[in-house]
Amino acid sequence: MTAMNDDPLDPLIHVPARLKIVATLAALPDGDTLSFTRLQDMIGLTPGNLIIHLRKLEEADYLTSEKTRNGTTPQTTVALTSQGRAALDAYTRALRDLLGGL
């Protein structure tokens, strides 16, 4: 699923939960990751809800996820891609332009 180019407010990011995810990951230094559980705690979504939103963002190449094992404990980390950062920047500019007329 790709974002519609004629809509300056990227519908993929415009969903409040996804905007929180992208904004939270964008606050990290480029290349840094956040664990799934930490992201879940910060955003306040159920694991199932978070998985659905992360999958949509990953399908659009806005973020990457990596599953690793720490001993017997599986851990998933997520990070924003450069494409995700660019999409958030474009979304932010479009929102500022839209609100600038108020």
- Query: Just checking, how many residues over the stretch 49-78 are of a type outside the set (Val, Ile, Thr) and closer than 16 Å to Val15 by Cα?
  - Reply: 12
- Got at least one residue in the stretch 49-59 being on the phi > 0 side of the Ramachandran plot and without any contact (Cβ under 8 Å) to a residue 24 or more places away in the chain? no
- Task: State whether the residues of the stretch 26-42 include one that is in contact with a helix residue (DSSP H, G or I) (Cβ under 9 Å, 6 or more places away or on another chain), at pLDDT 95 or above and among the charged types (D, E, K, R).
- Result: no
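I'm checking my understanding of the structure. Among residues of the stretch 12-27 that are of a type in the set (Val, Ile, Thr) and closer than 18 Å to Thr77 by Cβ, which one is surrounded by the fewest Cβ atoms within 10 Å (Cβ to Cβ)?
Among those residues, the one meeting the criterion is Thr24.
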- Task: Kindly indicate the residue of the stretch 28-48 that is part of a loop (DSSP other than H, G, I, E, B) and in contact (Cβ under 8 Å) with a residue 40 or more places away in the chain and also farthest from Gln75 (Cα to Cα) among those meeting that condition.
- Result: Asp30
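Does Ala60 meet the test of being among the aliphatic types (A, V, I, L, M), exposed (fewer than 14 other Cβ atoms within 10 Å of the Cβ) and under 13 Å from the mean Cα position of the chain (by Cα)?
Numbers: among the aliphatic types (A, V, I, L, M): yes; exposed (fewer than 14 other Cβ atoms within 10 Å of the Cβ): no; under 13 Å from the mean Cα position of the chain (by Cα): yes.
Answer is no for this residue.
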- Query: Taking Ile52 and the conditions (1) of a type in the set (Val, Ile, Thr); (2) open to solvent by 70 Å² or more (accessible area, probe 1.4 Å); (3) modelled with pLDDT under 95, which numbered condition does it fall short on, given that it satisfies the others?
  - Reply: (3)
- Test result for Leu88, part of a helix (DSSP H, G or I) and modelled with pLDDT of 95 or more: yes
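Restricting to the stretch 68-78, name every residue that is within 20 Å of Ala26 (Cα to Cα) and open to solvent by 90 Å² or more (accessible area, probe 1.4 Å).
Taking the stretch 68-78 as the starting set, the residues that turn out to be within 20 Å of Ala26 (Cα to Cα) are 76-78.
Passing the criteria: none in range.
Scan the stretch 79-102 for residues that are open to solvent by less than 80 Å² (accessible area, probe 1.4 Å) and within 15 Å of Ile13 (Cβ to Cβ) and report the count. Walk me through how you get there before you give the answer.
Here is the first cut: in the stretch 79-102, the ones open to solvent by less than 80 Å² (accessible area, probe 1.4 Å) are 79-81, 84-88, 90-92, 94-95, 100-101.
If we keep only those that are within 15 Å of Ile13 (Cβ to Cβ) too, we end up with 80-81, 84-88, 90-92, 94-95.
Residues in the stretch 79-102 being open to solvent by less than 80 Å² (accessible area, probe 1.4 Å) and within 15 Å of Ile13 (Cβ to Cβ): 12 in total.
The values are calculated or read from the model by the stated rules, or taken from the named source; none is laboratory data. All values reported here derive from a predicted model rather than from experimental measurement. Positions of Cβ are generated from backbone atoms using ideal geometry, with glycine treated the same way; all protein chains shown enter the neighbour counts. Heads up: the accessible areas ignore ligands, DNA and RNA and are worked out on the full protein's heavy atoms, side chains in. Shrake-Rupley method; radii C 1.70, N 1.55, O 1.52, S 1.80 Å.
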